[in-house]
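S.K.: Take this structure first; my questions come after.
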Amino acid sequence: MSVRKLTLLCLGLAGCSSSNQFHFHLEGTVRTLEQGAPIVGATATLSYQSGPFEMSSLTTQTDAGGNYTFDTPELPCSNVVLSVSSSGYKTATATVDCTDEAQRLDFALVPAG
């Protein structure tokens with residue numbers, strides 16, 4: 001395999017280079033859609049592609065005000081998604097921007113069923 005082909009192969013795989021690493025600073029509030037009440041204990045999951053065929057995730061719970069926070073070490077920026085779930089509600093998902101800047105992602109969950 002030539003050097004050029006190897007380089008192109010590496011560029012196509014997550015985790016080949018540390019130049020695509022970011023400290024993610026995420027915060028937000030999880031509320032009910034119908035009344036805007038905070039959802040206590042909702043699960044917020046930050047998922048990312050950690051290898052060519054591997055996904056990893058970090059998880060936290062919302063506090064008494066429905067707030068969550070992620071302040072991560074360097075993570076690869078590949079397929080980064082934040083999902084929020086709580087019993088009795090449909091899961092909501094948002095794509096996360098690849099940046100070291102703080103991001104605010106608020107969610108209003110819809111009742112299940």
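The values are calculated or read from the model by the stated rules, or taken from the named source; none is laboratory data. Being a predicted model, the structure only gives us computed values, none of them experimental. Glycine gets a Cβ as well: all are built from the backbone with ideal geometry, and neighbour counts include every protein chain shown.
S.K.: For region 41-62, give me each residue that is surrounded by fewer than 16 Cβ atoms within 10 Å (Cβ to Cβ), free of Cβ contacts under 8 Å to residues at least 40 places away in the same chain and not in a strand (DSSP E or B).
M.R.: PRO52, PHE53
S.K.: So LEU13 fits all but one of (1) in contact with a Pro (Cβ under 6 Å, 6 or more places away or on another chain); (2) modelled with pLDDT of 90 or more; what number is the exception?
M.R.: (2)
S.K.: Separate question: Cβ-Cβ distance below 7 Å, separation of 6 or more or different chains: which pairs start in region 70-87 with a residue that is touching a residue at least 40 places away in the same chain (Cβ under 8 Å) and among the charged types (D, E, K, R) and end on one that is surrounded by 18 or more Cβ atoms within 10 Å (Cβ to Cβ) and part of a strand (DSSP E or B)?
M.R.: Every condition considered, the pairs that remain are GLU74/PHE22.
S.K.: Identify, by number, the condition in (1) surrounded by 12 or more Cβ atoms within 10 Å (Cβ to Cβ); (2) assigned to a loop (DSSP other than H, G, I, E, B); (3) at pLDDT below 95 that MET1 doesn't meet.
M.R.: Answer for MET1: the failing condition is (1).
S.K.: If you don't mind, there's one more thing I want to ask. Considering region 56-96 alone, what residues qualify as being among the hydroxyl-bearing types (Ser, Thr, Tyr) and in contact with a Phe, Trp or Tyr (Cβ under 7 Å, 6 or more places away or on another chain)?
M.R.: SER56, THR60, THR62, THR72, SER78
S.K.: Inside region 63-79, can you point out the residues that are surrounded by 20 or more Cβ atoms within 10 Å (Cβ to Cβ) and not in a strand (DSSP E or B)?
M.R.: GLY66
S.K.: What are the residues in region 16-40 that are exposed (fewer than 15 other Cβ atoms within 10 Å of the Cβ), touching a strand residue (DSSP E or B) at 6+ places or on another chain (Cβ under 8 Å), farther than 30 Å from GLY88 by Cβ and at pLDDT 50 or above, if any?
M.R.: GLN21, HIS23
S.K.: Do we have any residue at all in region 87-110 that's of a type in the set (Ser, Thr, Tyr), surrounded by 14 or more Cβ atoms within 10 Å (Cβ to Cβ) and assigned to a strand (DSSP E or B)?
M.R.: Step one: of region 87-110, the residues of a type in the set (Ser, Thr, Tyr) are 87, 89, 91, 93, 95, 99.
Filter once more, keeping what is surrounded by 14 or more Cβ atoms within 10 Å (Cβ to Cβ): 89, 91.
This time we only want the ones that are assigned to a strand (DSSP E or B), so: 89.
The answer is yes, given that some residue of region 87-110 is of a type in the set (Ser, Thr, Tyr), surrounded by 14 or more Cβ atoms within 10 Å (Cβ to Cβ) and assigned to a strand (DSSP E or B).
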